[in-house]
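The block underneath contains the structure these notes are about, expressed in structure tokens.
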Amino acid sequence: MKLNLIKPLALIDLETTGVDVTKDRIVQIAILKVFPDGQEELKTDKINPTIPIPLHASLVHGIYDHDVKDLPTFAELAPEYLTFINDSDLAGFNSNRFDIPLLMEEFLRVGIVWKLQGRNLIDVQIIFHLMERRNLKAAYKFYCGEELIDAHDAVSDIKATYQVLKAQIARYENVERSNDGSEVSVSIKNDMDILNQFTNQLATFNFLDPTGKLIYDAQKQDIVFNFGKYKGESLQQIFTRNPGYYDWMMNKADFSLSTKTVLKKVWDHIHKK
């Protein structure tokens, strides 16, 4: 089946040093770019993460320190990957919670602000979990009727994700109920705007701060904390009352560069008044 695309769709899969969006790095990236006319272009690289790859991660994806020690770093490859995907909507398997936030963090690390506003974000895993509730290997078997060979190789995984997405659309288009009998608030269609609404209806992606530490409160019309002792309170009010909290967050490695970028903007705004 051919996807109904208005602009290119970039399906992204990352193999990494771990699963911490703030601290871990990319060791392999694969992006399958699908154009509105159905043409496909694959761009992939193994990457020197500049930090050791833990053994437990290598045992999953099969990439070890010696495999990447002489390869380019993300800083060297970032401009060409930004150019490759900058005109595209985005998709992947668990991409809204992992691949996109981690890729955004890698871009920020090298001084590139990757803007996501104006893009559709289609998370194939969310469609799978909402409609069938189960990993990519199981999804590929379920939807495509085949065993996924070389799972946890980024190229194999992203090609499988593309096939699963097309099979999901074919299977669920206009279906009004999920597997538990509950009504689906947004029906699946072969339309990237609709799929974006469907896979984001649970608010799994936060454009302001993909790690979810900061959110925009529409009622208060302000950015608020989404964690800790100040959860629900305005950044501006807390930083005015307790400026040391800003210093603590900016100097603590546990907070992502995405989070710190927002913190600095709010801090600068306060001190320009």
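Every number in this text was worked out from the coordinates using simple rules, so none of it is lab data. This one's a predicted model, so the numbers in the text were calculated from it and none came from an experiment. We place every Cβ from the backbone using ideal geometry, glycine too, and count neighbours over all the protein chains shown.
Cross-link partners for K141 among the aspartates and glutamates, with Cα-Cα distance under 19 Å and sequence neighbours closer than 8 places in the same chain left out: D13, D123, E132, D150, D153, D157.
Tally Lys/Arg at +1 and Asp/Glu at -1 over every other residue whose Cβ is under 15 Å from the Cβ of D193; what's the total?
Every neighbour counted, the sum reads -1.
Spacing of the modelled spin labels on A218 and E76, each 7 Å from Cα toward Cβ, amounts to 4.6 nm. When you filter the trypsin sites (Lys or Arg not before Pro) in the stretch 190-249 for DSSP loop state and at most 16 other Cβ atoms inside 10 Å of their Cβ, you are left with K220, K229. Close amide H contacts of L42 (hydrogens built in the peptide plane, cut-off under 5 Å, sequence separation of 5 or more or a different chain): K33.
Sorting M249, M1 from the fewest to the most surrounding beta carbons within 10 angstrom yields M1, M249.
One Cα centroid belongs to the stretch 161-210, the other to the stretch 56-105; the line between them spans 24 Å. Counting only lysines at least 8 places from K46 when in the same chain, those with an alpha carbon closer than 18 Å to its own are K33, K69, K159.
Lysines within cross-link reach of K220: Cα-Cα under 28 Å, excluding same-chain residues under 8 positions apart? Within the straight-line limit of under 28 Å, K220 reaches these lysines: K115, K229, K231, K252, K260, K264, K265, K272, K273. Counted over the stretch 57-212 with a bin width of 10 Å, the fraction of Cα pairs per bin, in whole percents, is 10, 35, 35, 17, 3, 0. Computed over the chain, the P(r) tail beyond 24 angstrom holds 53 percent of alpha carbon pairs.
For the stretch 214-272, the share of alpha carbon pairs falling in successive 10 Å distance bins from zero is 23, 63, 15, 0 percent.
In a shell of Cβ-Cβ distance under 11 Å around M1, excluding M1 itself, what net charge do Lys and Arg (+1) and Asp and Glu (-1) give? After counting each charged neighbour, the total is +2.
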